[in-house]
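Peer 1: Take a look at the following structure, please.
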Amino acid sequence: MEKILVAGATGTTGKKIVALLKDSEQFTPVAMVRKQEQQQDFESQQVATVLADLTGDVSHTTQGIDRVIFAAGSGGKDVVNVDQEGAKKLIDAAKKDRVKKFVMLSSMGADKPEEASEIQEYLKAKHNADQYLDISGLTFTIVRPGALTNNEGLGKIKLEHKLNERGEIPRWDVARTLVKSLDTEVAKNQAFEILTGETKIEKAVEEFQVLS
C-alpha cells in the first residue's frame, strides 16, 4: 500500500479524499494536520497523521510518503502564506524525498488570474503555486474544478484542458478525480478543468490521458 500525504485533510474536500483513500486497495492516507486534537480525531479512525502547519516547517512531512494530494486552503484568509507559499514548501519537501507524484487541487481561472473579476488574489496565489509545481521536476497533475458544492457526488464530470465555461461540481466528485489522478501515467504533467458532466470520472480521466 502506497502512503498518500493529504495536505488539507481537515477541510471539507480533504476529509472526502481521506475517506476514499481509506477504502482504497492501492493507497493508504496520511492526514496532515495542524493541531493535536485533529491528530487524535483521525487516529481514532485508524488514519495515520503528521503534525505540521503550512505556514511553518513542512520539510518532515514527506518522509516515507509515496504521493501527495495538496487540497489545503486558507479560505481566503491567508492565501499567500498557505495557498501559495505553503504549497511551494510542500513541493520542495516532496522533491527532496523523491515523491512519485504530486496532485494539486487548484481552481478554474488559476491559469489566467488577471482576467478574473473576483477572488483575483486567491487565483493569483493558486497560479503561482501551479507554476512552481510545473517547473519543479516532480511528476504532477493539476486539477482545476469550477465552483465547489456540497451536493451528493454524481460520479460524472466533463474534463478538458480548458472548458471555456463556468459551472459547479460536488466536492465528492472533485475528491474522486484527485484520487484517480494519483496514478503515475494519468494526466502526467498536465493541468485540466472539471465540471459536472455526463462522463464517468474514471473514463474521463483515462481518456484525457490518451489525448494528452
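Peer 1: Specify the residue that is surrounded by the fewest Cβ atoms within 10 Å (Cβ to Cβ); the eligible residues are those in the range 62-81 that are modelled with pLDDT of 95 or more and β-branched (Val, Ile, Thr).
Peer 2: Out of the qualifying residues, it is 65.
Peer 1: Let me ask something additional. Filter the range 30-57 for residues that are surrounded by 14 or more Cβ atoms within 10 Å (Cβ to Cβ) and among the charged types (D, E, K, R); which is farthest from residue 84 (Cα to Cα)?
Peer 2: 41
Peer 1: Also, quick follow-up: Identify, please: which residue in the range 11-29 is touching a Phe, Trp or Tyr at 6+ places or on another chain (Cβ under 9 Å) and within 21 Å of residue 100 (Cα to Cα) and is, among those, surrounded by the fewest Cβ atoms within 10 Å (Cβ to Cβ)?
Peer 2: Going residue by residue through the range 11-29, those that are touching a Phe, Trp or Tyr at 6+ places or on another chain (Cβ under 9 Å) are 13, 16, 18, 20-21, 29.
From what's left, within 21 Å of residue 100 (Cα to Cα): 18, 20-21, 29.
Working: 18: 24, 20: 19, 21: 26, 29: 26.
If we take residues in the range 11-29 being touching a Phe, Trp or Tyr at 6+ places or on another chain (Cβ under 9 Å) and within 21 Å of residue 100 (Cα to Cα), then 20 is surrounded by the fewest Cβ atoms within 10 Å (Cβ to Cβ).
Here is a yes/no grid of residues against (1) in a loop (DSSP other than H, G, I, E, B); (2) loosely packed, with under 15 Cβ neighbours inside 10 Å; (3) of a type outside the set (Val, Ile, Thr):
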{"position": "118", "(1), (2), (3)": "yes, yes, yes"}
{"position": "122", "(1), (2), (3)": "no, no, yes"}
{"position": "151", "(1), (2), (3)": "yes, yes, yes"}
{"position": "178", "(1), (2), (3)": "no, no, yes"}
{"position": "186", "(1), (2), (3)": "yes, no, no"}
{"position": "206", "(1), (2), (3)": "no, no, yes"}
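Peer 1: Pull up the range 100-112, narrow it to residues that are open to solvent by 10 Å² or more (accessible area, probe 1.4 Å) and of a type in the set (A, V, I, L, M, F, W, C), then point me to the one that is nearest to residue 71 (Cα to Cα). Before the answer, list the steps.
Peer 2: Here is the first cut: in the range 100-112, the residues open to solvent by 10 Å² or more (accessible area, probe 1.4 Å) are 100, 105, 107-109, 111-112.
Next, from what is left, pick out any that are of a type in the set (A, V, I, L, M, F, W, C): 105, 108.
Working: 105: 5, 108: 14 Å.
For the range 100-112, the residue satisfying everything is 105.
The values are calculated or read from the model by the stated rules, or taken from the named source; none is laboratory data. Here the structure is a predicted model, which means the values were calculated and not measured. Reconstructed Cβ throughout: ideal geometry from the backbone, glycine too, with neighbour counts over all protein chains shown. Calculation scope for accessible area: heavy atoms of the full protein, side chains included, ligands and nucleic acids excluded. Shrake-Rupley method; radii C 1.70, N 1.55, O 1.52, S 1.80 Å.
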